[in-house]
1. One residue is enough: does the range 40-59 have a residue meeting the conditions surrounded by 12 or more Cβ atoms within 10 Å (Cβ to Cβ), part of a helix (DSSP H, G or I) and modelled with pLDDT of 90 or more?
2. Return the residues of the range 16-32 that are out of contact with any helix residue (DSSP H, G or I) (no Cβ under 7 Å at 6 or more places or on another chain) and either closer than 16 Å to residue 70 by Cα or outside any helix (DSSP H, G or I) (or both); say none if nothing qualifies.
């Protein structure tokens, strides 16, 4: 039972801490940092068991991260892709 609670609370607390830490950055450094984090999160899927789709997803997330350097909309899309 406790393992299930930690599996739920861990990502939530991690997300809250990440958001709080990112709020300390000033613009445009915050946007650049978020784009870099999305690129890193997308690269984490290489050798993740998705087969050939790993390369397609990594290419897509790299493009989204690059566009995120200029648009917060793409940063939002990148985090949704990572979460999904």
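1. no
2. The initial filter retains those residues of the range 16-32 that are out of contact with any helix residue (DSSP H, G or I) (no Cβ under 7 Å at 6 or more places or on another chain), namely 16-21, 23-24, 26-29, 32.
Of everything in the range 16-32, those that are out of contact with any helix residue (DSSP H, G or I) (no Cβ under 7 Å at 6 or more places or on another chain) and either closer than 16 Å to residue 70 by Cα or outside any helix (DSSP H, G or I) (or both) turn out to be 23, 24, 26, 27, 28, 29, 32.
The values are calculated or read from the model by the stated rules, or taken from the named source; none is laboratory data. Keep in mind that this is a model prediction, so the values were computed, not measured. Virtual Cβ from ideal backbone geometry, glycine too; neighbours counted across all protein chains shown.
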